[in-house]
Each structure stands twice: as structure tokens, then as C-alpha cells.
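Beneath this line is the structure, given in C-alpha cells, with notes to follow.
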Amino acid sequence: MLGRVNHIAIAVPDLKAAVASYRDRLGARVSPAESLPEHGVTVVFVELPNTKVELLEPLGETSPIAAFLQKNPAGGMHHICYEVADILQARDQLLAAGARVLGTGEPKIGAHGKPVLFLHPKDFFGTLIELEQV
Ligand SMILES: C[C@@H](C(=O)O)C(=O)SCCNC(=O)CCNC(=O)[C@H](O)C(C)(C)COP(=O)(O)OP(=O)(O)OC[C@H]1O[C@@H](n2cnc3c(N)ncnc32)[C@H](O)[C@@H]1OP(=O)(O)O
Ligand SMILES: [Co+2]
């Protein structure tokens, strides 16, 4: 089911500071910030030769990363995003196997304009999984 790692996400309390750190201290190439109200986050992608790192800052009152940042005020690794060829087939297979798909269960359009879904971290060894159809 799983293809490549699309990105690894880090929740941060201050996106500007995180961008400056990746750009100026780590010498990384960083995309412009993009606000995604439907996801409750503002994102920046650090572009690496083999994958991307997604820096996430909460957006709005009901951000899904707010509680995570309360527990991890300095920030922390938030999710890993795997590519799949057919997200509805992957979802149905996972549901049949007893995994919890978060939200409504219907894919949303993610940061790359492609459908995404999230799987509960308690079902996958404490790691929140995002699936992205490519
Ligand atoms: C734009 C898009 C893209 O890339 O295209 C994105 O990435 S958007 C990225 C942002 N969007 C999302 O994350 C959407 C999916 N996420 C969610 O629905 C939520 O964040 C949940 C995963 C359900 C967690 O919500 P919340 O923290 O409010 O609930 P909660 O406090 O009840 O957490 C339930 C338990 O899961 C743990 N928990 C929470 N977030 C976790 C994480 N990221 N990794 C590992 N464990 C995590 C909590 O510590 C708690 O464990 P204990 O009970 O042991 O304390
Ligand atoms: Co993501």
C-alpha cells in the first residue's frame, strides 16, 4: 500500500523562527508560507534532495495541532506522510483492518493539492500517519 515518504512534519510554536533556523542555521531551501484554513495550520516546506520536511504552525481557534503544542511547547515531530496510489482503496482496506481514519473519513485536499487522510497515532505505535494520493 505504501509508497515513498512524502514528508515528515514538525509542529512549531513560531513558524517565522523555525524558517529562519532551517534557512540560516541549517542552510536549507524553504518554500513560502501557506495558510490552510481547512486544515487549521500554516505550512512551510523544507525541500531536501530525497523528501520534504513540513513545518506546521497552528492557524485558528480549533487547530488540530493546538493540543500537541500544549504538550510539547518547544515543538516536536508531528506526523509522517506516506504516498499511496489509491487513497480510497487504502482507506477501505485500513478500516476493514480496524484502523481509525480521522475526521469525516473523506479525504481533504492537502498542501500539495492532492487528497490526504490521517490515521490515529494510537493505532500505529504512537505515530500520526498522513496518507497522500499521488
Ligand atoms: C496540510 C496537511 C498536508 O500535509 O497536506 C497537513 O499535514 S495538516 C496537519 C494537521 N492536521 C492533522 O493533524 C489532522 C489529523 N489530526 C487530528 O485529528 C488530531 O491531531 C489527533 C491526532 C486526533 C489528536 O488530536 P488531539 O491532540 O486534540 O487529541 P488528544 O489530545 O485526545 O490526543 C489523543 C492521544 O494522541 C496523542 N497524540 C496527539 N497528537 C499526536 C501526534 N501528532 N503524534 C503522536 N501522538 C499524538 C495524544 O498525546 C493523546 O495521547 P494520550 O492520551 O496518551 O495523552
Ligand atoms: Co502533512
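For segment 1-110, calculate the relative contact order in percent as a whole number, restricting contacts to Cα pairs under 8 Å that are 6 or more residues apart.
34 percent
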Q. Are there trypsin sites (Lys or Arg not before Pro) in segment 53-116 that DSSP puts in a loop and that have at most 15 other Cβ atoms within 10 Å, and which ones?
A. Arg100
**Q.** Cleavage-rule hits, GluC sites (Glu not before Pro), segment 8-97, DSSP coil, Cβ neighbours within 10 Å at most 15
**A.** Glu38, Glu61
Q | Distance between modelled label sites at Lys71 and Leu95, nm, 7 Å Cα→Cβ extension | A | 2.6 nm
Q) Modelled label-to-label distance, His120 and Leu88, 7 Å Cα→beta-carbon offset: nm? A) 2.5 nm
Q) Once a ≥ b ≥ c are taken as the square roots of the eigenvalues of the Cα gyration tensor of segment 1-104, is the result rounded (a/c under 1.5), prolate (a/b larger than b/c) or oblate (a/b not larger than b/c)? A) oblate
**Q.** Within straight-line cross-link reach of Lys52, lysines at Cα separation under 22 Å, skipping those fewer than 8 residues along the same chain
**A.** Lys16, Lys108, Lys114
(Q) For Lys71, give me every one of the aspartates and glutamates with a C-alpha distance below 15 angstrom, ignoring sequence neighbours fewer than eight places off in its own chain. (A) Glu57
Q: Let me have the 222 nm mean residue ellipticity of the chain computed from DSSP H runs of 4+ only, each contributing -39500 (n - 2.57), with the sum over all residues rounded to the nearest 500.
A: -4000 deg cm²/dmol
Q) Angle, helix 87-96 long axis vs. longest principal axis of the chain, Cα atoms, 0 to 90°, nearest 10? A) 60 degrees
Q. Share of antiparallel DSSP beta bridges in the chain, in percent to the nearest 5?
A. 70 percent
Q.
5 Å is the cut-off here: which amide hydrogens, built 1.01 Å from N in the peptide plane, fall below it relative to Thr42, excluding neighbours closer than 5 in sequence?
A. Leu36, Glu57, Leu59
**Q.** Length gained when the stretch Lys16-Arg29 is fully extended (0.36 nm per residue, less Cα-Cα span)
**A.** 3.3 nm
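Every number in this text was worked out from the coordinates using simple rules, so none of it is lab data. Please read all numbers here as calculations on a predicted model, not as lab measurements. A quick note on method: Cβ atoms are made from the backbone with ideal geometry, for glycine too, and the neighbour counts reach across all protein chains shown.
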